[in-house]
1. Just name the residue that is modelled with the lowest pLDDT out of those in the range 5-49 that are hydroxyl-bearing (Ser, Thr, Tyr) and under 16 Å from GLY74 (Cα atoms).
2. Of all the residues that make up the range 41-72, how many are more than 20 Å from ASP7 (Cα to Cα) and among the small types (Gly, Ala, Ser)?
3. Could you check SER2 against (1) modelled with pLDDT of 85 or more; (2) within 21 Å of ASP65 (Cβ to Cβ) and say which number it fails?
Amino acid sequence: MSVSSDDIRRELHATLHPELLEVQDDSHLHAGHAGAREGRHFTVRIVSPRFEGLSRLARHRLVYDALRSLIPRGIHALAIEAHAPGEP
């Protein structure tokens, strides 16, 4: 079963309660790439109060933790832009 942008949105809303969330499927940009056979490529832009006071690495870990059940179902690459409210 393949993962969709909607699947990612649903999981991130349920766990991180974002104020802003954009999920973009970039898979078409990677057609022919060896990893494209292993899963899809996504970009996530997220603003959540859960990121307040956390390092970039800790924020990314929260996103990956929220998506842990989806990763084996077909996420090959995930670009993450994670901010706390009020950050640029």
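1. Here is the first cut: in the range 5-49, the residues hydroxyl-bearing (Ser, Thr, Tyr) are 5, 15, 27, 43, 48.
With under 16 Å from GLY74 (Cα atoms) added as a condition, the list becomes 5, 27, 43.
Numbers: SER5: 96, SER27: 83, THR43: 97.
The extreme case among them is SER27.
2. Within the range 41-72, residues that are more than 20 Å from ASP7 (Cα to Cα) and among the small types (Gly, Ala, Ser) number 3.
3. (2)
The values are calculated or read from the model by the stated rules, or taken from the named source; none is laboratory data. Please read these numbers as outputs of a predicted model, since none were measured by experiment. Cβ coordinates were reconstructed from backbone atoms using ideal geometry, including for glycine residues, and neighbour counts include every protein chain displayed.
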